[in-house]
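Participant: Here it is, the structure, as structure tokens.
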Amino acid sequence: MALQSTDLKSEPVIKCTSVYKIFGDNADKMLRAANGKVDAKTFQDAGCVVGVNSASFEVYKGEMLVIMGLSGSGKSTLLRCISRLTETTAGDIHIDGEDLLAMNSKQLIELRRNKMGMVFQSFALLPHKTVLENIAFPLQVKGISTPDAMKRAKEMVDLVSLTGRETYYPRQLSGGQQQRVGIARSLAVEPDIWFLDEPFSALDPLIRKEMQDEFLRLQGVLNKTILFVTHDFAEALRLADRIAIMKDGVIEQLDTPANIVLNPATDYVRKFTEEVPREKVLKIKSVMDPIGDQTDFSDLTVSGDAIIETVAESILGEQKRVRVLDKNDNVVGSVHCAKMLHILFSHDDVPEARE
């Protein structure tokens, strides 16, 4: 995944500032009276439900931000606010510098047709249309000719590895294959921004793992800006560049997977990370030390993208520091066997992880 570093200070693709979504007849009045200090229990007692509570964050080009939390945490509501399927109660949302909340219906339709792709838990395939026809349908709605739409649909079929099933109907496909059609359909319009709301939660564990693999492959090829909603922490750790963990509409922590596992910001976040085996989810680059002016290294080198578990034994067998390489084989850091021992056997927080 191609995470756009915020250190580069490039313009964000998505920018949310103090976004609130409160359901209830008295929502606007209560929010004004609260002066931005919203207590979910107080609002609930007054007949309101707090969906999103002062969410502020930015998402950069090529970044995958995973929004996660338990049922009722506000994660899907936040996604719907950013796609403006749900109107916000207060706050600002900008897409590529444009004020989303100021757009009229025509502008919003154009934005969704040309810049946004959406995939939901429900596959929502048209049962009377074939795989190819389902994928081509949104293109035809945009006014693209049928031959051109079908050509583009065929390219998407190949992209999601459904070649040979172009003429199948949804009922002839497995759950995982149906979800691939849904993903292909959303990609057919070539969106810059991709919204996915629990797209794999209806799938059994094996197919879910396969779809995660496929999703990571697609992101490696397409480099989309993605908001991905899930309630599955393991899925979030596997897919995300950054994770936003929500509770009662509040973003409790927004950070890299490594920092969330190693340095949870609140007790609520800590509960998610307690049972996570660090060595199975963290990459070497997340815990490596700066290369500095060190010159005394082992002959062993490891990839920064290697999961710790896969190289820990080799590193533990070395007395000298081991060089860490990026995908171009450049030395980007080092790791010592003492650090491996600490990661593997200590439950204390370690220094802030690096990404």
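The values are calculated or read from the model by the stated rules, or taken from the named source; none is laboratory data. Computed from a predicted structure; not experimentally measured. Using ideal geometry, Cβ is built from the backbone for each residue, glycine included, and neighbour counts are taken over all protein chains shown.
Participant: Which of the residues spanning region 84-111 are crowded, with 16+ Cβ neighbours inside 10 Å and under 21 Å from the mean Cα position of the chain (by Cα)?
Facilitator: Arg84, Thr86, Ile93, His94, Ile95, Asp96, Leu100, Leu111
Participant: If you take the residues in region 264-291 that are in contact with a strand residue (DSSP E or B) (Cβ under 8 Å, 6 or more places away or on another chain) and assigned to a loop (DSSP other than H, G, I, E, B), which one is farthest from Gln319 (Cα to Cα)? If you could, list the steps in order and put the result at the bottom.
Facilitator: Here is the first cut: in region 264-291, the residues in contact with a strand residue (DSSP E or B) (Cβ under 8 Å, 6 or more places away or on another chain) are 264-266, 268-269, 272, 279-285, 287-291.
Going one step further and asking which of them are assigned to a loop (DSSP other than H, G, I, E, B), we end up with 264-266, 282, 288, 290-291.
Numbers: Pro264: 31, Ala265: 34, Thr266: 36, Leu282: 22, Met288: 16, Pro290: 18, Ile291: 16 Å.
Going through the qualifying residues, I end up with Thr266.
Participant: Among Val261, Val332, which is in a strand (DSSP E or B) and closer than 24 Å to Tyr60 by Cβ? Talk me through it step by step, then tell me what you get.
Facilitator: Working: Val261 fails: in a strand (DSSP E or B).
None of the others qualify; the one that does is Val332.
Participant: Ok, one more. Which one of the conditions (1) free of Cβ contacts under 8 Å to residues at least 40 places away in the same chain; (2) within 22 Å of Met68 (Cβ to Cβ) does Glu313 fail to meet, given that it meets all the rest?
Facilitator: Of (1) free of Cβ contacts under 8 Å to residues at least 40 places away in the same chain; (2) within 22 Å of Met68 (Cβ to Cβ), only one is false for Glu313: (2).
Participant: Further, regarding this structure: Does Val281 fit the bill of being over 21 Å from the mean Cα position of the chain (by Cα) and surrounded by 15 or more Cβ atoms within 10 Å (Cβ to Cβ)? Give the steps one after another, and end with the answer.
Facilitator: On the way: over 21 Å from the mean Cα position of the chain (by Cα): no; surrounded by 15 or more Cβ atoms within 10 Å (Cβ to Cβ): yes.
The answer is no for Val281.
Participant: (1) farther than 19 Å from Ile193 by Cα; (2) surrounded by fewer than 23 Cβ atoms within 10 Å (Cβ to Cβ); (3) over 12 Å from the mean Cα position of the chain (by Cα): which one isn't true of Gly249, the others all being true?
Facilitator: (2)
Participant: Moving to a separate point now. Within region 55-84, count every residue that is farther than 19 Å from Arg242 by Cα and not in a helix (DSSP H, G or I).
Facilitator: 4
Participant: For region 143-250, give me every one of the strands (runs of 3 or more DSSP E) that falls completely inside it and has 2 or more residues that are closer than 21 Å to Lys115 by Cβ and in the same structural domain as Leu79 (by TED's automatic domain parsing). Spell out the reasoning first.
Facilitator: Working: elements: 193-197, 225-230, 242-247.
Fully inside region 143-250 and qualifying: 193-197, 225-230.
Participant: Then there is this: Within the group Glu63, Glu98, Glu110, which residue is among the charged types (D, E, K, R) and touching a strand residue (DSSP E or B) at 6+ places or on another chain (Cβ under 8 Å)? Spell out the reasoning first.
Facilitator: Working: Glu98 fails: touching a strand residue (DSSP E or B) at 6+ places or on another chain (Cβ under 8 Å); Glu110 fails: touching a strand residue (DSSP E or B) at 6+ places or on another chain (Cβ under 8 Å).
Going through Glu63, Glu98, Glu110 in turn, the sole match is Glu63.
Participant: Can you confirm whether region 169-179 contains a residue that is of a type in the set (Phe, Trp, Tyr), in contact (Cβ under 8 Å) with a residue 24 or more places away in the chain and within 15 Å of Phe137 (Cα to Cα)?
Facilitator: yes
Participant: Quick one: in region 224-239, which of the residues that are in contact with an Asp or Glu (Cβ under 8 Å, 6 or more places away or on another chain), over 19 Å from Glu210 (Cβ atoms) and of a type outside the set (S, T, N, Q) is surrounded by the most Cβ atoms within 10 Å (Cβ to Cβ)? Steps first, please.
Facilitator: If we filter region 224-239 for residues that are in contact with an Asp or Glu (Cβ under 8 Å, 6 or more places away or on another chain), which is where we start, we get 224-226, 229-231.
Filter once more, keeping what is over 19 Å from Glu210 (Cβ atoms): 224-225, 229, 231.
From what is left, the residues that are of a type outside the set (S, T, N, Q) are 224, 229, 231.
Values: Lys224: 21, Val229: 27, His231: 15.
Result: Val229.
So that you can scan it fast, the table gives a plain yes or no per residue for (1) surrounded by fewer than 19 Cβ atoms within 10 Å (Cβ to Cβ); (2) touching a strand residue (DSSP E or B) at 6+ places or on another chain (Cβ under 8 Å); (3) closer than 14 Å to Met64 by Cβ; (4) at pLDDT 90 or above:
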site	(1), (2), (3), (4)
Leu173	yes, no, no, yes
Pro199	no, yes, yes, no
Leu203	no, no, no, no
Leu218	no, no, yes, no
